[in-house]
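The values are calculated or read from the model by the stated rules, or taken from the named source; none is laboratory data. Source: prediction; values computed, not measured. Note that we place each Cβ from the backbone using ideal geometry, even for glycine, and neighbour counts take in every protein chain shown. Keep in mind that these areas ignore ligands, DNA and RNA; they rest on the heavy atoms of the full protein, side chains included. Shrake-Rupley method; radii C 1.70, N 1.55, O 1.52, S 1.80 Å.
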Amino acid sequence: MILRFAAFILLVFSLRHLSNADSPPLTIQYNFQDKEIPLSSGSRLYLWNVAGDDTRELVIQNQRTFAVYRIDLENKTLIPLQQFTIPLKPGDKGPYYYSFGSPDEQNRGSLLVLSPEGLDSFPQAREKPGFRESPEKILERQCYPSPDKPDISLRPVRFSLDMDQDGYDELILPDARSFHVLKKTGNEFQDIPLPVDIGHLSTSFDVTDTISFHTSSHSNVIFLRIGDNKTYSLLLIKDHPENREGRIFSLHHPRSPLSFSDTPDQEIILPGISQRNIFFMDLNKDGFMDILTKESNYNLLSPLTKVDVYLSPEKPKAVFQEPTQELRIGDPDGMIYFGDFSGDGLVDICAVQLAYKASSTEDFVEYFAGNHFRLILAFYLFHPTIDKYLSAPDFTLPLIMDFATSPYRRPLLSINTQADFNGDGRKDILAWVKPDLMEIYTMTSSDRIHTKPYAKLQVSEVTNYVIGQIDQGKADDVAIYSLKKRRVTLFIFR
């Protein structure tokens, strides 16, 4: 009898150890007082190292006001550090953009504000944790023209980027026709040499998963990492001179000292893709840029999303007449996300599709009368032995998502595939399934996905959220902002 009881206890412990249930995340809930920062549905959250130590602070932006909070893990609370408003000068017309970055040692970890007249910096304050509240003009130059009608809004745009990985950010600044890349050298910002045809870029693409900046002429400035490189390469998209639907993609790797040559390091020519979503990345980590395009038919009776894969050969120039692979996904408006779900460093695809049959009357009624979607997340792993994806998904995850939070309504917030919540080195799935609930799904040891949530993040409502590592650990954390309750809830994973 004792042996049976011991065996039962051992079995229960083993099943618990093998299940997807870990210790719950550390939860911190903070209610904002009336005197604190005014909040709105457009308020943005950031996890940024303001104090210069090993932890990140919570930074909240609403219109032109910023508030900084210390995350006190020991006492499970937030400590207000500062609140200040970006000043307006008489006659200012805007528009204004902001970013976080470190253009030099004196402005490390700064809040950077770009205006038509130049760049202001709010660096880390030395006397206390937080930003210095009086701006310092670190660049005076005409960046872009002011509009006829004043626009004093402050918008987030990532215009600071450490391209050569020397610890300091370069500035990506527009002008009337194109853009400039500036690097701090000594006491001056110097223009980095760029390709001569920088002003003749195609503008007809919805560019995704890159660092992009839309100038006043609406050209795309694209920087991306290729393979295992830590530095950023410059991608130019040009119209094909002989084919209206064709495009030329020229990739320029950075030189040392930082510059970009006129001659591209890689060039890809594709025909007939002007109306598709397009994605740039190194799928197989061979050091050469590959391209994916997505096109949907928006037809519920015969749903189809087609993903074309253009896998580049290992040579400087490639001309494609046909894709190297075509994936067919049964969804009328298929969303696709990317992540390394197997931990091999290669790019895998997570495709969203509706779990309804057009021939089913019950499915038809549920789709149009219900307040939720039945979805399937289909995972396509990149297989290096055959250098492509399988035509059928490697595995799937069924989900039920509220209509208001589905990928068809909130494509940028509904599903996130860029975080690792259990620290195993593989990307996980964060799904916003209901207005007040987010679920996290992790991968199994056999490169599949658990169908039981790793964690459920229950809050009063989700207005916005941010993901990042608060204490520089292996796992990512989540901060969720709820407007109705004027509350932020942090979920810290260990």
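Summary of computed values
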| item | result |
| --- | --- |
| Residue check, residue 463 β-branched (Val, Ile, Thr), within 24 Å of residue 377 (Cα to Cα) and either at pLDDT 95 or above or out of contact with any Lys or Arg (no Cβ under 9 Å at 6 or more places or on another chain) (or both) | no |
| Residue 452 being outside any strand (DSSP E or B) and modelled with pLDDT of 95 or more | yes |
| Lone unmet requirement of (1) over 30 Å from residue 57 (Cβ atoms); (2) open to solvent by 50 Å² or more (accessible area, probe 1.4 Å) for residue 425 | (1) |
| Top-ranked residue in the stretch 168-184 [being open to solvent by 30 Å² or more (accessible area, probe 1.4 Å) and at pLDDT 90 or above; ranked as farthest from residue 106 (Cα to Cα)] | 183 |
| The one condition in (1) in contact with a Pro (Cβ under 6 Å, 6 or more places away or on another chain); (2) within 18 Å of residue 439 (Cα to Cα) that residue 398 fails to fulfil | (1) |
| Single unsatisfied condition, residue 328 versus (1) at pLDDT below 90; (2) surrounded by fewer than 17 Cβ atoms within 10 Å (Cβ to Cβ); (3) assigned to a strand (DSSP E or B); (4) not aromatic (Phe, Trp, Tyr) | (1) |
| Complete set of residues in the stretch 389-448 that are within 17 Å of residue 331 (Cβ to Cβ) and in a loop (DSSP other than H, G, I, E, B) | 391, 392, 393, 406, 407, 408, 409, 410, 411, 414 |
| Meets criteria (in contact with a strand residue (DSSP E or B) (Cβ under 8 Å, 6 or more places away or on another chain), at negative phi and open to solvent by 60 Å² or more (accessible area, probe 1.4 Å)) for residue 373 | no |
| Condition check for residue 36: acidic (Asp, Glu), modelled with pLDDT under 95 and within 16 Å of residue 487 (Cα to Cα) | yes |
| Enumeration of residues in the stretch 317-353 that are without any contact (Cβ under 8 Å) to a residue 60 or more places away in the chain, among the aliphatic types (A, V, I, L, M) and out of contact with any Gly (no Cβ under 8 Å at 6 or more places or on another chain) | 318, 319, 329, 336, 349 |
| All strands (runs of 3 or more DSSP E) inside the stretch 38-93 with 1 or more residues being open to solvent by 20 Å² or more (accessible area, probe 1.4 Å) and either touching a residue at least 60 places away in the same chain (Cβ under 8 Å) or farther than 29 Å from residue 412 by Cβ (or both) | 44-48, 65-72, 77-85 |
| Pair list, Cβ under 7 Å, 6 or more apart: the stretch 400-425 residue touching a residue at least 24 places away in the same chain (Cβ under 8 Å) and farther than 14 Å from residue 374 by Cβ, other residue of a type in the set (Asp, Glu) and open to solvent by 50 Å² or more (accessible area, probe 1.4 Å) | 422/22 |
| Of residues in the stretch 395-412 being open to solvent by 40 Å² or more (accessible area, probe 1.4 Å) and in contact with a Ser or Thr (Cβ under 9 Å, 6 or more places away or on another chain), the one modelled with the lowest pLDDT | 408 |
| The stretch 264-303, residues that are open to solvent by 30 Å² or more (accessible area, probe 1.4 Å) and within 19 Å of the chain's Cα centre (by Cα) | 277 |
| Near pairs, Cβ below 6 angstrom, 6+ apart or cross-chain, from the stretch 366-395 (closer than 18 Å to residue 354 by Cα and of a type outside the set (Asp, Glu)) to any residue that is part of a strand (DSSP E or B) and open to solvent by 80 Å² or more (accessible area, probe 1.4 Å) | 372/400; 374/400; 376/398 |
| Hits in the stretch 251-269 (condition: under 15 Å from residue 314 (Cα atoms) and polar (S, T, N, Q)) | 266 |
| Lone unmet requirement of (1) open to solvent by 40 Å² or more (accessible area, probe 1.4 Å); (2) at pLDDT 85 or above; (3) of a type in the set (Ser, Thr, Tyr) for residue 98 | (1) |
| Residue within the stretch 474-482 that is surrounded by fewer than 16 Cβ atoms within 10 Å (Cβ to Cβ) and either assigned to a loop (DSSP other than H, G, I, E, B) or not aliphatic (A, V, I, L, M) (or both) present | yes |
| Complete set of residues in the stretch 456-473 that are under 26 Å from residue 395 (Cα atoms) and open to solvent by less than 10 Å² (accessible area, probe 1.4 Å) | 457 |
| Of residues in the stretch 94-103 being assigned to a strand (DSSP E or B) and under 15 Å from residue 146 (Cβ atoms), the one nearest to the chain's Cα centre (by Cα) | 97 |
| Output for the stretch 94-124, where each listed residue is small (Gly, Ala, Ser) and touching a residue at least 24 places away in the same chain (Cβ under 8 Å) | 94, 99, 101, 102, 109, 115, 118 |
